[in-house]
Amino acid sequence: MAEPYWHIGYVVATDEADDKTMMKFRDQFVNALRDQYNLKADTDYKLVRFKPGADETFVLPGKSRRTARRGSDPRWRDLDAQLTEWLRAPTELSPDDIRRIVVILDTSAISTVWNWASGQGGVPAVLAISHNPTAHGLKALEAPGNSKGTTGIVASTAEHVWTRLELIKQVTNATKVIVLYFPYTNGLKEAEYHYKANGEQEGQLACAAAALGVELVPCKVTKTVESDFKAELDSQLDNAIKQVSDARKALYLVSHPRLAYFSKSIAQAAWEKKLWGIYPYRKFTLGKDDDDHLGEEGGLMSYGANPFAMAARVAPYIARIMRFGGTPPTKTQQQLAAFAETMPMEGPTQMELVLNQKAADHLQTGYTLPTNLLPATALNAVDLWRPTKDTGTL
């Protein structure tokens, strides 16, 4: 089989626990390319996976090298080297005949991909699951251009702060809500420009709390190594709980990539301390990996963009870039990057309210989560999803 002219590199998260989820995200756009545009992997394009920061990083089939763990640095230390090696890797075709597209499945890789692509003169990048785009220097969704060859699907977590707080207030009737957050700057100077979304979320949260008559109890965590994080989380939550007298103690999690990496630890702590929590992503509700016990030790509920629907919507962006470039390609990488900038970035079209009945049973025997929770502030139709053996692996 002849090597395809188009190579698509997809960048996944470094967290081992997210591997299965990341592969499902990849499958969403791969399947959509096949079913909607008749573009097949290995025939019309070649897929290459990039996973920086792990102990063993596979750059291309049959090639691996040892790398340092990402540790406390939120940026991807060796991604630039991997992408550069991708350009130099031996191929059946002449390197000048191959065209490359990068699909970003982890928000924290955006700035590194941009810097690398700029150094190469321009490579189109498509965001699959991106939150708080303006924190990364992107313009507003309706104003394409000057986006460094980047387009795709983006979602601002600040838009849904009010809805989340209203949901947890409905379920708990709480007068005080524990707010778990990770500071976006946290002393990492090289990342300060990268994390500016905390202020947006905090501002929205303060306004919502005032309108709903809720007092916010801050609970700050800063550790980046999981063992240290667990100990700090346990201590900080205990301190916050002492300030809350409500029978149903409410927990609100402020969206942050670091907290997403520690989703299982956070959900387990909430389960053990019987906190009625709401989270920005469904992964917090999953609990145990075992299908027969899915939902156990998981969070109570989440409200946010459906990440699988976002990943699937990457396909039309890729297809349009490939169609513009042609097969064999007649456009340069720089022309492809410039074309990507003309494609408007879009927000999520599908929101989901995830309810974990197992967590509800654990928190209060006999309590059933109502299915008519969606408040007037919600912007989209909601898919209700409960962890079960059939659907919990999504």
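What the table below lists for this structure:
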read-out	value
Leading residue by the ranking (nearest to Ala360 (Cα to Cα)) among those in region 286-316 that are assigned to a strand (DSSP E or B) and within 20 Å of the chain's Cα centre (by Cα)	Met301
Yes/no for Asp78 being under 25 Å from Gly122 (Cα atoms) and at pLDDT 95 or above	no
Search result, residues across region 1-24 that are at pLDDT below 90, under 27 Å from Lys283 (Cα atoms) and of a type outside the set (A, V, I, L, M)	Thr14, Asp15, Glu16, Asp18, Asp19, Lys20, Thr21, Lys24
Residue match in region 317-339 (condition: small (Gly, Ala, Ser), in contact with a Phe, Trp or Tyr (Cβ under 8 Å, 6 or more places away or on another chain) and surrounded by fewer than 21 Cβ atoms within 10 Å (Cβ to Cβ))	yes
Selected residue (only one of Lys274, Lys264 is basic (Lys, Arg) and part of a loop (DSSP other than H, G, I, E, B))	Lys274
Criterion violated by Leu205 - all others in (1) surrounded by 15 or more Cβ atoms within 10 Å (Cβ to Cβ); (2) part of a strand (DSSP E or B) satisfied	(2)
Lone unmet requirement of (1) outside the structural domain of Gly298 (by TED's automatic domain parsing); (2) among the hydroxyl-bearing types (Ser, Thr, Tyr); (3) at pLDDT below 90 for Thr332	(3)
Pair list, Cβ under 9 Å, 6 or more apart: region 313-336 residue in contact (Cβ under 8 Å) with a residue 40 or more places away in the chain, other residue surrounded by fewer than 15 Cβ atoms within 10 Å (Cβ to Cβ) and part of a helix (DSSP H, G or I)	Ala315/Asn31; Ala315/Asp35; Ala315/Gln36; Pro316/Gln36; Ala319/Gln36; Pro328/Asp97; Pro329/Asp97
Subset tally (residues that are among the polar types (S, T, N, Q) and part of a strand (DSSP E or B)) for region 150-172	2
Test for Ala378: is it at pLDDT 90 or above and either in a helix (DSSP H, G or I) or not basic (Lys, Arg) (or both)	no
Residues satisfying the stated conditions in region 129-162, i.e. surrounded by 22 or more Cβ atoms within 10 Å (Cβ to Cβ) and modelled with pLDDT of 75 or more	Ile129, Gly149, Thr150, Thr151, Gly152, Ile153, Val154, Ala155, His160, Val161
Failed criterion for Ala247 (all others in (1) buried (at least 23 other Cβ atoms within 10 Å of the Cβ); (2) not in a helix (DSSP H, G or I) hold)	(1)
Residue, modelled with the highest pLDDT, within region 346-369, restricted to residues that are part of a loop (DSSP other than H, G, I, E, B) and within 27 Å of the chain's Cα centre (by Cα)	Asn356
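Conditions (1) under 29 Å from Val103 (Cα atoms); (2) in the same structural domain as Leu167 (by TED's automatic domain parsing), marked per residue:
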position	(1), (2)
Arg282	yes, yes
Asp292	no, yes
Glu297	no, yes
Ala311	yes, no
Tyr317	yes, no
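The values are calculated or read from the model by the stated rules, or taken from the named source; none is laboratory data. No experiment lies behind these values; they were computed from the predicted model shown. Glycine also receives a Cβ, built like all others from the backbone with ideal geometry; neighbour counts cover every protein chain displayed.
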